[in-house]
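We did not get these values from a lab; they are worked out from the coordinates using the rules stated. Computed from a predicted structure; not experimentally measured. Note that each Cβ is placed from the backbone with ideal geometry, even for glycine, and that neighbours are counted across all protein chains shown.
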Amino acid sequence: MHSPAKEFRLTERRNPASKNIDRMSSLEIVRLMNREDRKVAAAVAREVPAIARAVDEIVASLESGGRLIYVGAGSSGRLAILDASECPPTFGVSREIVQALIAGGRRAITDAVEGAEDSERDAVRDLRRRKLSSKDVVVGVAASATTPYVIGAMRYAKKRGAMTIGIAANRVGPLLKLAEIFIAPEVGPEVLTGSTRLKAGTAQKMVLNVLSTAAMVQLGHVYENLLIDMERTNEKLEGRAVRIVQAASGRSLSTAEHALRSAGHNMRVALVMLKRNVNAPTAKGMLSKAKGNLRAALGETRGEKKRKG
């Protein structure tokens with residue numbers, strides 16, 4: 001059924017620049033899309049203050065035992081699942097810590113599930129199954145800011161006392177009222193009218209990347225700019241782990257490799273061993289005393305980090 005609200009959605013408007021795209025050459029289409037894509041980073045940049053506030057809330061939630069739960073439908077849901085699924089191997093966190101729900105369930109990851117995004121009730125059911133609590137943060141991802149599945153999830157999250165964060169490409173819509181923090185990089189009408197897997201999807205992925213990455217950095221899962229907690233699941237990553245310990249310690253590759261073996265392939269333990277000139281048991285004890293804070297175990301803390309402002 002036609003909805004008057006659609007007329008106000010930036011994501012549903014026609015882009016004058018691409019009106020004759022079906023008559024363009026491949027080179028003209030690519031150039032047009034490249035020009036439009038340049039608008040994405042600028043749109044995200046305008047939302048930096050809101051994104052930073054969201055990161056602080058996510059960090060506070062995870063530090064208190066809460067979880068980060070993304071909720072989306074269609075392309076937005078798939079992007080949310082992508083970001084959530086990459087956090088455990090990248091930062092070594094439990095798969096419980098960052099989760100994602102997509103309207104229609106697992107089948108919707110690869111196939112369109114008709115009508116799934118239109119059910120608010122399904123969203124409530126899915127969050128109940130995850131035992132949503134007031135400690136959690138729910139991030140609703142919906143380019144249109146109107147997707148019923150996402151709206152239902154946000155309403156339920158507010159009732160449960162969870163922090164709510166909205167990510168959209170429209171500033172008009174019910175998601176705005178339900179989100180305590182609203183992030184809306186307005187990228188303008190799509191090259192293909194309404195196809196939000198394009199600029200809007202790119203903007204959403206950029207925001208999701210920043211939310212999870214910045215939060216994990218603040219939580220101490222990165223040393224300098226090195227992935228000190230990453231999973232080592234293949235030969236390439238085993239080699240990367242050695243290079244990370246080598247780069248962080250300033251020692252030779254062979255020394256880093258030996259330390260990693262002695263540390264049971266724990267990069268944190270290996271780094272403390274090399275930088276503090278101690279054996280593996282002592283390094284583990286120093287990390288335990290520092291409550292897992294790698295900088296503290298290395299004696300490199302310089303006061304409390306500023307997160308706000």
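What to note about this one:
- Dipole of the stretch 193-309 [Lys/Arg +1, Asp/Glu -1 at C-beta], most positive-end residue of 267, 294, 254: 294
- Taking 0.36 nm per residue of sequence separation and removing the Cα-Cα distance, the residue 35/residue 277 pair yields an extension gain of 81.8 nm.
- Angle in degrees between helix 253-262 and the longest Cα principal axis of the chain, rounded to the nearest 10: 80
- The aspartates and glutamates within cross-link reach of residue 275, meaning a Cα-to-Cα straight distance under 15 Å and a gap of 8 or more places when in the same chain, are 224, 257, 300.
- For residue 292, net neighbour charge (Lys/Arg +1, Asp/Glu -1) across residues whose Cβ lies under 15 Å away: +2
- With Cα atoms, 0 to 90° folded angle of helix 120-129 axis to the chain main axis: 20
- Candidate aspartates and glutamates - alpha carbon under 14 Å from residue 39, same-chain residues fewer than 8 apart omitted: 47, 186, 190
- Count of Lys pairs (Cα-Cα under 21 Å; at least 8 positions apart or interchain) in the stretch 133-208: 5
- Modelled spin labels at residue 42 and residue 224, positioned 7 Å past Cα toward Cβ, are 3.6 nm from each other.
- In the chain, helical runs assigned H by DSSP with n ≥ 4 each contribute -39500 (n - 2.57); averaged across all residues and rounded to the nearest 500, the mean residue ellipticity at 222 nm is -15000 deg cm²/dmol.
- On Cα atoms only, tilt of 280-289 relative to the major axis of the chain in degrees: 60
- Placing +1 on the Cβ of every Lys and Arg and -1 on the Cβ of every Asp and Glu, with nothing else charged, gives the chain a dipole about its Cα centre of roughly 700 debye.
- Residues residue 96 and residue 237, FRET efficiency given R0 of 22 Å [Cβ-Cβ distance, rounded to 0.05]: 0.50
- Across all C-alpha atoms in the chain, the radius of gyration and Dmax reach 22.2, 70 Å.
- Ranking 41, 81, 52 by how far each Cα lies toward the positive end of the dipole of the stretch 1-90 (charges on Cβ) leaves 41 at the top.
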